[in-house]
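Working notes, structure below.
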Amino acid sequence: MTGALGRFLALPWSEQRRTAEAAVWLLFVRLTFAVLPLPRALRLFGIVQGDASAGRHATGEAQEIGRAITRAAGHVPFRAVCLQQAFAALLMLRRRGLPATVRLGLARESAGGLKAHAWTCSGEVPVTGYACASDFVSVAAFSA
């Protein structure tokens with residue numbers, strides 16, 4: 001077997017399970033954001049404004065969740081944008097009792113407009129969206 005399915009089946013069982021969970025969370029977040037205004041969707045998810053309070057840290061587990069989100073985002077039947085990836089990661093981290101914060105940021109474009117980005121961290125551990133996060137100024141933070 002070759003291609004995406006072959007690579008998926010070659011993963012250890014724990015990574016297959018985590019990637020499948022990430023795909024489900026991405027779909028759930030996308031559908032929820034499509035039918036509800038963002039404030040109402042966040043209340044439904046139990047997400048509040050502000051940084052996550054300190055909790056147990058599991059750097060490896062947080063990084064594995066980030067990899068699963070990235071892997072799943074490339075194979076779901078829709079374009080999983082940074083906002084969906086960030087909140088799906090937050091929900092996966094929360095499910096495991098890990099601290100999670102989603103940051104929303106803005107940056108100026110060369111043409112004078114604004115562009116937005118979302119990224120997730122667990123404590124100081126980058127989880128999703130960190131590749132370009134340094135280009136953005138954080139304007140809001142959410143935690144579960």
The range 74-137: Kirkwood hydrodynamic radius (Cα pairs, Å) comes out at 12.5 Å
Output for the range 9-89: trypsin sites (Lys or Arg not before Pro) sitting in coil per DSSP, at most 15 other Cβ within 10 Å, listed by number, reads 56, 79
Residue-normalised value, i.e. accessible area per residue, for the chain at 1.4 Å probe, in Å², stands at 55 Å²
In whole Hz, the Karplus estimates of ³J(HN,Hα) for the range 30-39 (6.51, -1.76, 1.60; θ = phi - 60°; x where Gly or Pro) are 4, 5, 5, 5, 6, 9, 10, x, 3, x
Whole-percent carbon and sulfur contribution to the accessible surface of the range 42-144 (1.4 Å, no ligands, DNA or RNA) stands at 52 percent
Gyration tensor on Cα atoms of the range 25-144, a ≥ b ≥ c root eigenvalues, a/c under 1.5 rounded, else prolate if a/b beats b/c, else oblate, says rounded
Highest GNM mean-square fluctuation among 11, 104, 27, for the chain with Cα springs under 10 Å, belongs to 11
Highest GNM mean-square fluctuation among 39, 126, 99, for the chain with Cα springs under 10 Å, belongs to 39
The chain, Gaussian network, Cα under 10 Å: of 24, 76, 35, the residue fluctuating most is 35
Given GluC sites (Glu not before Pro), DSSP loops and at most 13 other Cβ atoms within 10 Å, the longest exposed-site-free stretch of the chain is 1-108
Once Lys and Arg are counted +1 and Asp and Glu -1 for all other residues with Cβ under 12 Å from that of residue 32, the total becomes +3
Residue-ordered couplings for the range 108-123, obtained by feeding phi - 60° into the Karplus form 6.51 cos²θ - 1.76 cosθ + 1.60 and rounding to whole Hz (Gly and Pro as x), are 7, 8, 4, 7, x, x, 10, 10, 10, 8, 10, 9, 10, 9, 10, x
Computed about the Cα centre, the charge dipole of the chain from +1 Lys/Arg and -1 Asp/Glu charges at the Cβ has a magnitude in debye, to the nearest 20, of 320 debye
Farthest towards the positive end of the dipole of the chain, among 97, 112, 78 and with Cβ unit charges of +1 on Lys and Arg and -1 on Asp and Glu, lies the Cα of 78
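The values are calculated or read from the model by the stated rules, or taken from the named source; none is laboratory data. Since this is a predicted model, take the numbers as computed values, not measurements. Neighbour counts run over all protein chains shown; Cβ positions are idealised from the backbone, glycine included. We work out accessible area using only protein heavy atoms, side chains counted, and drop any ligands, DNA or RNA first. Shrake-Rupley method; radii C 1.70, N 1.55, O 1.52, S 1.80 Å.
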